[in-house]
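Inspection log for the structure reproduced underneath, given as structure tokens.
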Amino acid sequence: MALLGLGCAQLFGFDKVYEPEDQISAGGGAAGSAVGSGGDGAGDPCEILAVLPGETLALSTIDDMEDGDTRISGGNGANPWAGFWFEDNDESPDGTQEPADPADLVSTLDPPRGASTKAVHTSADDGFLLWGAGVGFHLDDEAYYDASEYRGLTFWARAEEGSTRKMKVLFIDQQTYHMGGICNDAEGECNNHFHKPVMLESDWKHFKIPVECLKQEPYGKQLLSPALERLWAIEFFFDKELAFDIWIDDVAFYR
């Protein structure tokens, strides 16, 4: 399923103006509800990108994968999400992404990660030559979801031996989506999604992506901020010609 294409608001109360990203540096248990704030770590949260020891967050779980299927469901009260996991690649004829059937994205963990027994697992070779490949999920069956009450995204992830370690976390909203009706795809304005790169490790790591850390790259339509009230999907993405083999687990928004 090719979702990025070829050529292919209110924001949590932040007043930050987002600027294009000129250069991107290369740099537990199952999620549930945890109430609290803060943490005893110091430093730039846009460089740390991890839930620190002793840090607690108010989580709203998107998918813990324990049901074994690719549907996500849940959310809060009158504002639930109901989407599904998907594979995404540029459909280069020599590129291969696994699993062959996206319905098999959720795999058993052996050994388990604490209380977690399942996670999303996908891999690809270096044959995607146009813009790359990844895996992600819709939040509202391909409609737009209002995520403006949240401050960011958390997830657990790891990379297998030999995998590319640099992964981009994309927040795809109506402004940058090539079928959103705002950017002009024919003029190359679309698919410059707000994102943040992370560096995966061979061991599981608990990542935290604050929304104020998201930036665009210096091409396409430049925007002041992501439209979290019109969020279409979250994607874990690798640039073209990069082979990867990754696991994603316990994805949640946090307040």
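The values are calculated or read from the model by the stated rules, or taken from the named source; none is laboratory data. Quantities reported herein were computed from a predicted structural model and do not represent experimental measurements. Counting neighbours? That spans all protein chains shown, and the Cβs are built from the backbone with ideal geometry, glycine included. For accessibility, only protein heavy atoms count, side chains too; no ligands or nucleic acids. Shrake-Rupley method; radii C 1.70, N 1.55, O 1.52, S 1.80 Å.
Table for the structure above
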{"quantity": "Test: residue 56 is more than 30 Å from residue 219 (Cβ to Cβ), open to solvent by 20 Å² or more (accessible area, probe 1.4 Å) and not in a loop (DSSP other than H, G, I, E, B)", "calculated": "no"}
{"quantity": "Unique match (being within 23 Å of residue 248 (Cα to Cα) and in a loop (DSSP other than H, G, I, E, B)) among 202, 225", "calculated": "202"}
{"quantity": "Answer from 119, 82, 159, 124 - the residue that is farther than 21 Å from residue 238 by Cα and among the small types (Gly, Ala, Ser)", "calculated": "82"}
{"quantity": "Positions within region 111-122 being of a type in the set (A, V, I, L, M) and open to solvent by 10 Å² or more (accessible area, probe 1.4 Å), in sequence order", "calculated": "115"}
{"quantity": "Residues being of a type outside the set (Asp, Glu) and open to solvent by 70 Å² or more (accessible area, probe 1.4 Å) - total across region 99-110", "calculated": "2"}
{"quantity": "Enumeration of residues in region 77-87 that are in a strand (DSSP E or B) and modelled with pLDDT under 95", "calculated": "79, 80, 81, 82, 83, 84"}
{"quantity": "Filter result (touching a helix residue (DSSP H, G or I) at 6+ places or on another chain (Cβ under 8 Å), modelled with pLDDT of 90 or more and surrounded by 16 or more Cβ atoms within 10 Å (Cβ to Cβ)) within region 43-53", "calculated": "49"}
{"quantity": "Set 185, 249: member being modelled with pLDDT of 95 or more and either open to solvent by 10 Å² or more (accessible area, probe 1.4 Å) or closer than 27 Å to residue 95 by Cβ (or both)", "calculated": "249"}
{"quantity": "Options 103, 119: the member that is hydrophobic (A, V, I, L, M, F, W, C), more than 18 Å from the chain's Cα centre (by Cα) and not in a loop (DSSP other than H, G, I, E, B)", "calculated": "103"}
{"quantity": "Out of 141, 173, 125, 146, sole residue that is in contact with a strand residue (DSSP E or B) (Cβ under 7 Å, 6 or more places away or on another chain), closer than 25 Å to residue 217 by Cα and surrounded by fewer than 18 Cβ atoms within 10 Å (Cβ to Cβ)", "calculated": "146"}
{"quantity": "Output for region 188-216, where each listed residue is buried (at least 17 other Cβ atoms within 10 Å of the Cβ) and either touching a His at 6+ places or on another chain (Cβ under 8 Å) or under 21 Å from residue 243 (Cα atoms) (or both)", "calculated": "190, 191, 195, 196, 197, 198, 200, 204, 205, 214, 215, 216"}
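Let's see how each residue does on (1) under 25 Å from residue 249 (Cα atoms); (2) at pLDDT below 90; (3) among the aromatic types (Phe, Trp, Tyr):
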residue: 13; (1), (2), (3): no, yes, no
residue: 17; (1), (2), (3): no, yes, no
residue: 29; (1), (2), (3): yes, yes, no
residue: 39; (1), (2), (3): yes, yes, no
residue: 58; (1), (2), (3): yes, no, no
residue: 63; (1), (2), (3): yes, no, no
residue: 90; (1), (2), (3): yes, no, no
residue: 93; (1), (2), (3): no, no, no
residue: 98; (1), (2), (3): yes, no, no
